[in-house]
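Heads up, the thing below is written out as structure tokens.
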Amino acid sequence: MESFYVVPEDVEKEILSRLTVKSLLRFKCVCKSWHVLIESQTFIDFHLSKAATEEDNCLVLHRRRDFTKEYVASVLCTQTLSLLVDLEFPYFEDNKMGISIVGSCNGLVCLCDNGHLFAVFNPATREFKALPILPSASLLPNEEFDFKAAAFGYDPITKDYKVLQISSIFNRHRLDHYLFQIYTLSTNTWREIDAAMPAYFDEMYPLINTYRKGVHHWSAYEAILSFDINREVFGTIKLPTPTPPWHNQTLSLLNGSLATIIYHLEARCKSFDIWVMKEYGVESSWTKQYTIGPLAIEMPLGFWKGGELLMETRKGKLILYDLHTRKTKRLLGHGHPRPLQFYTYVESLVLIKNKNQDVPRLLGHQNSAHLM
């Protein structure tokens with residue numbers, strides 16, 4: 001009688017953790033023990049920790065189609081520079097022109113529709129959740145409500161996902177104050193918070209925020225604004241140097257460190273000063289690490305995992321600049337020039353509690369075995 005070799009559980013777990021989400025979802029049907037393992041929180045966390053260290057992470061690129069001008073999120077592979085798939089937003093069928101990506105964290109992507117409708121989805125598992133409608137703000141007769149900014153991230157202390165919504169309240173068309181609301185995924189509820197407004201808040205550039213270890217960061221003209229998602233408080237970080245007139249800055253992460261890219265707004269061929277905060281929160285640790293250019297670039301978008309700088313031309317083309325070799329390579333054109341957002345993305349099995357049955361539909365052909 002033949003004997004069969006039984007694979008130890010820890011070896012089995014290690015092997016499965018190296019597989020793609022698509023394969024794991026299929027392998028749940030192999031046997032009951034694999035189904036239980038793959039759906040366990042321990043394995044989900046273990047698989048995510050493995051995926052986050054891989055070099056072939058993806059980007060979620062928020063772009064506009066050339067002809068329809070509709071917004072679409074495209075998932076790109078950073079290793080092959082190829083388009084994996086376009087994702088459609090079924091929850092926002094009535095307003096595809098105003099959709100923006102709030103953030104990407106642990107394989108979950110958060111979207112919003114001008115601050116009115118929010119949704120969280122996992123492109124790899126196709127789980128989707130429409131968030132509850134924001135509770136109406138208590139406004140006086142002469143007050144008006146306007147969306148300013150939003151952020152999405154993971155609270156490492158409570159092990160929960162949160163969405164921050166920032167609204168401007170106007171009185172007789174003049175800015176009166178701000179309203180801060182937070183959504184918590186585990187409770188599926190919104191609540192107001194009494195957060196002290198930091199200096200330079202009015203100067204905040206709200207379109208894109210940079211997320212680092214539970215803290216969101218936004219560019220402002222004279223400082224960097226931060227929001228601690230666990231403590232639910234705002235803060236400020238001084239810039240390494242005052243932003244000169246007619247210049248702008250782009251925040252990003254370079255090898256895990258907060259970095260700012262300062263460049264001239266109007267010059268056709270721009271030079272870029274790249275400052276890196278060597279020790280987070282220590283303003284004296286800002287170091288000018290690179291100066292590159294001049295290059296015929298419209299604006300820098302941020303850094304990829306390998307340290308390459310992703311930039312956009314005036315015609316809406318994407319360019320990668322290698323900081324070490326000083327060589328550039330062209331990616332696909334993303335569509336209608338500006339506005340464009342991009343966020344790093346990694347496939348995960350992370351579950352969305354109280355998910356909707358209606359899931360996002362994937363469009364177009366798929367060039368990878370990763371996404372379903």
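Worth a mention:
- In region 289-318, the residue that is farthest from the chain's Cα centre (by Cα) out of those that are in a strand (DSSP E or B) and over 19 Å from Asp273 (Cβ atoms) is Lys317.
- Sole exception among (1) under 20 Å from Thr243 (Cβ atoms); (2) crowded, with 19+ Cβ neighbours inside 10 Å; (3) touching a residue at least 24 places away in the same chain (Cβ under 8 Å) for Met311, by number: (3)
- Selected residue [surrounded by fewer than 17 Cβ atoms within 10 Å (Cβ to Cβ), touching a strand residue (DSSP E or B) at 6+ places or on another chain (Cβ under 7 Å) and at pLDDT below 85] from Leu363, Leu340: Leu363
- Within region 177-208, being at pLDDT below 80, touching a Leu at 6+ places or on another chain (Cβ under 8 Å) and of a type in the set (Phe, Trp, Tyr) holds for Tyr200, Phe201.
- Residue within region 258-275 that is closer than 30 Å to Leu179 by Cα, polar (S, T, N, Q) and at pLDDT 85 or above present: yes
- If you go through region 29-65 and pick out every residue that is at pLDDT 85 or above and out of contact with any Phe, Trp or Tyr (no Cβ under 6 Å at 6 or more places or on another chain), you end up with 20.
- Looking across region 314-325, not a single residue is under 15 Å from Cys269 (Cβ atoms), surrounded by fewer than 16 Cβ atoms within 10 Å (Cβ to Cβ) and modelled with pLDDT of 85 or more.
- The set of residues in region 228-270 being assigned to a strand (DSSP E or B) and either of a type in the set (Val, Ile, Thr) or touching a helix residue (DSSP H, G or I) at 6+ places or on another chain (Cβ under 8 Å) (or both) consists of Val233, Phe234, Thr236, Ile237, Lys238, Thr250, Thr260, Ile261, Ile262.
- Residue within region 146-160 that is assigned to a loop (DSSP other than H, G, I, E, B), more than 15 Å from the chain's Cα centre (by Cα) and at pLDDT below 85 present: no
- Residue that is of a type in the set (S, T, N, Q) and surrounded by fewer than 21 Cβ atoms within 10 Å (Cβ to Cβ), where the choices are Thr250, Thr243: Thr243
- Region 176-204: number of residues that are surrounded by 13 or more Cβ atoms within 10 Å (Cβ to Cβ) and more than 23 Å from Lys355 (Cβ to Cβ): 12
- Selection from region 205-238 of residues that are closer than 19 Å to Leu301 by Cβ and surrounded by fewer than 20 Cβ atoms within 10 Å (Cβ to Cβ): Tyr205, Pro206, Leu207, Arg212
- Candidate set: region 279-308, residues that are at positive phi and at pLDDT 85 or above; chosen: the one surrounded by the fewest Cβ atoms within 10 Å (Cβ to Cβ): Gly281
- Tally of residues being at positive phi and in contact (Cβ under 8 Å) with a residue 12 or more places away in the chain across region 154-199: 3
The values are calculated or read from the model by the stated rules, or taken from the named source; none is laboratory data. It should be emphasised that the depicted structure is a prediction, and the values quoted were computed from it without experimental measurement. Positions of Cβ are generated from backbone atoms using ideal geometry, with glycine treated the same way; all protein chains shown enter the neighbour counts.
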